[in-house]
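Asks: Supplied in structure tokens, the structure appears directly below.
The values are calculated or read from the model by the stated rules, or taken from the named source; none is laboratory data. Predicted model, so just to flag it, every value in this text is computed and none were measured. Backbone-built Cβ (ideal geometry, glycine too); neighbour counts: all protein chains shown.
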Amino acid sequence: MTELLSATFPRTLDTLVAECATPQYDGASIDIWTFDSTAARAAAARTLSSHGVSATVRSAYKPLVFAFLEELPLDGYDAIAIHYPTVPDVPEGRFRLECYPVTELVGARSVTFAPLPQRRPGGLLSYTVILTGPDGRADTVEIAAPNAFYDDHTGTGVLASTGWIRVHAPSAPELYRDGALRTDQELAFRHAMSALADHGWQGEGPYFDRLTVRIAAPFYEHPLAVGTECISTAEAMHEEVYFSALEVFRHIRGLDPDDRTLQPGQIIPELVVREGPVELSITLDPPGTAGGPPPEPAGPTQDVETTPTWLTPTTVKAELDALGGAPYQVSSRQGRPVWGVHVPGPAPTVVISASQHANEATGPVGALRAAKRLRRAGDMGFAVSPLENPDGYALYRHFCAQYSHHLHHAARYTACGNDLEYCKRGYEKEIRYLGRDKTGAEFHINMHGYPAHEWTRPFTGYLPRGFELWSIPKGFFLILRYQPGWQARAENILHAVIAALAAYAPLVAVNRRQLARYRQYVPDAAFDVHDHIPVFAGEDTQDALFPMTLITESPDQGISGDQFVVQHTAQLKAVLAAAAAHHAAKP
């Protein structure tokens, strides 16, 4: 293991309290915005108050939501109008999405949104909130939104969430301050990306077996009474570290920002909750030095029909063995087996896969449940590979041991560091070629998931770059891709799947709720909705292994319990309906 960097950053809140709890600030009025918890910020304000300083310490992360949680008195008001800032060269809906999920936090009060154009900021941006009572009385409140432009690790200008400090001291005018404040966590993040950008990587990669970015900081979790929503600075840092590191390596290679063929190696953000200074370290295992995977611990198998959480590899293997058929497998980059089973049968056949992105955990369950039923029916052949990315899946389970409810996107790609769908042949990708070659299938059902709660990147523009559509959930989603000449047949399959999902009441309830919420924050949705099922469909002009591919997108990242069962049951129903429609269309 090689250490690239070790650094410590004083906790910003502690530093400011120590500085301002001194005689020269006596009588001053101070407003501070940091990335600390409600409790930590309130404690800092009390300490400063005890030293004669009138201090308000607010959240720099999701400031409007925290204003409603901590400050705004809503009694006596029944309507809320939120005028959100819009800024040149920044996506128009960026600050509207930052309001999410405030509409569900204010009870039965009506909430409306309107854009509020503001100039490119040098000072504080702000929301204007108008609270109106039943008697028509209206009060206006300004909610600051600390942001600042800077050039990120790829040289791209971004408007990023940042800390802020504003000091007004009538008896000491020289203490006046009003400006952006780079706080401890922001500094650690930027320092980490600078270290990666300046390291001098050579060649095309992989550059390492594993790159671990460890940040110990006073991260916090603030659950919200809305679905599985939880404001988590640890999760936000995970997403920032992982995707920003990928952007660094793409930039070094001169690749397009949307390129998913990059193979840097496995990137692991390790976030440790600890009070006090923020500690950052970056270590790597050079290529070929990490060794093989540890043996998979044996244990009891799970009931795939009712499991409330992700499956163990032991369960996956046992279920595949029980199918019979002809097993086949390839090896992952880290040496784990990638399993498949071919069950011969009448044409037309289908290939079913899951866990391309290993943090999408309902797919393997739905794939195995469907395979059991197709095997019993015996009227069509199929191949199934429910755990295509076992290296990512091992990392996902490692992350879940600490934060079971997070998105864990660093487990998304293979140990090479790229998306299995877009990588060259070899390692895990071979499982798809084998499935196609063994079946001769013309139809692929590719089972996926996406975030069940908000996905943010506060230090690089707030919205997840390249994945803006998936920033908040919108229900169980279908994507249909087909090659030229296959449209009619593919759309018949799609309509059958929509009908099957629309008949599943528990899923429809989830979709109705999530779609209604989504439209409040993204009024111009870039997809169609049929019977409460969001859909993308279109011709795929790129080379594809199969003439037709149906992709399921379950809002499953970060869920467990009954909702996990609903989602893997929806995966099951989608596969069975698609397979039946495909079979019915046989020549």
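Asks: Take the conditions in a loop (DSSP other than H, G, I, E, B), surrounded by fewer than 21 Cβ atoms within 10 Å (Cβ to Cβ) and basic (Lys, Arg) and apply them to Arg465. Does it pass?
Replies: Answer is yes for this residue.
Asks: Going residue by residue through the stretch 521-543, is there one that turns out to be closer than 21 Å to Val365 by Cα, assigned to a loop (DSSP other than H, G, I, E, B) and of a type in the set (A, V, I, L, M, F, W, C)?
Replies: no
Asks: Select, from Thr314, Thr307, the only residue that is surrounded by 15 or more Cβ atoms within 10 Å (Cβ to Cβ) and free of Cβ contacts under 8 Å to residues at least 40 places away in the same chain.
Replies: None of the other options fit; the residue is Thr314.
Asks: Now a separate question. Considering each residue of the stretch 125-148, count those that are touching a residue at least 60 places away in the same chain (Cβ under 8 Å) and among the small types (Gly, Ala, Ser), and give that number.
Replies: Residues in the stretch 125-148 being touching a residue at least 60 places away in the same chain (Cβ under 8 Å) and among the small types (Gly, Ala, Ser): 2 in total.
Asks: Condition first: assigned to a loop (DSSP other than H, G, I, E, B) and either in contact (Cβ under 8 Å) with a residue 40 or more places away in the chain or buried (at least 16 other Cβ atoms within 10 Å of the Cβ) (or both). Now tell me which residues in the stretch 79-105 satisfy that.
Replies: Val87, Asp89, Val90, Pro91, Gly93, Cys99, Tyr100, Pro101, Leu105 - these are the residues of the stretch 79-105 that are assigned to a loop (DSSP other than H, G, I, E, B) and either in contact (Cβ under 8 Å) with a residue 40 or more places away in the chain or buried (at least 16 other Cβ atoms within 10 Å of the Cβ) (or both).
Asks: Ok, one more. Tell me which residues, restricted to the stretch 413-439, are modelled with pLDDT of 95 or more, within 23 Å of Asp540 (Cα to Cα) and not in a helix (DSSP H, G or I).
Replies: The one that is modelled with pLDDT of 95 or more, within 23 Å of Asp540 (Cα to Cα) and not in a helix (DSSP H, G or I): Tyr413.
Asks: Turning to a different aspect of this structure: So which of Thr309, Thr315, Thr301 is touching a Ser or Thr at 6+ places or on another chain (Cβ under 6 Å), in a helix (DSSP H, G or I), over 19 Å from His582 (Cβ atoms) and not charged (D, E, K, R)?
Replies: Thr315
Asks: Looking for whichever is buried (at least 21 other Cβ atoms within 10 Å of the Cβ), of a type outside the set (Gly, Ala, Ser), under 14 Å from Ala236 (Cβ atoms) and outside the structural domain of Asp89 (by TED's automatic domain parsing) here; the options are Arg481, Arg457. Which one fits?
Replies: The conditions single out Arg457.
Asks: Using beta carbons and a limit of 9 Å, which pairs, at least six apart or on different chains, have the first residue in the stretch 367-380 and over 18 Å from His568 (Cβ atoms) and the second one hydrophobic (A, V, I, L, M, F, W, C) and assigned to a loop (DSSP other than H, G, I, E, B)?
Replies: Matching pairs, first to second residue: Met380/Ala347.
Asks: Quick one: in the stretch 335-352, which of the residues that are within 15 Å of Pro313 (Cα to Cα) and touching an Asp or Glu at 6+ places or on another chain (Cβ under 7 Å) is surrounded by the most Cβ atoms within 10 Å (Cβ to Cβ)?
Replies: Val338
Asks: Answer yes if at least one residue in the stretch 527-534 is more than 17 Å from Ile472 (Cα to Cα) and modelled with pLDDT of 95 or more, and no otherwise.
Replies: yes
Asks: Looking at Ala290, Ala361, which is the one that is buried (at least 19 other Cβ atoms within 10 Å of the Cβ), hydrophobic (A, V, I, L, M, F, W, C) and under 17 Å from Ala394 (Cα atoms)?
Replies: Ala361
Asks: Mind listing whichever residues of the stretch 18-42 are out of contact with any strand residue (DSSP E or B) (no Cβ under 9 Å at 6 or more places or on another chain) and either assigned to a helix (DSSP H, G or I) or crowded, with 21+ Cβ neighbours inside 10 Å (or both)?
Replies: Selection gives Ala18, Glu19, Pro23, Gln24, Ala39.
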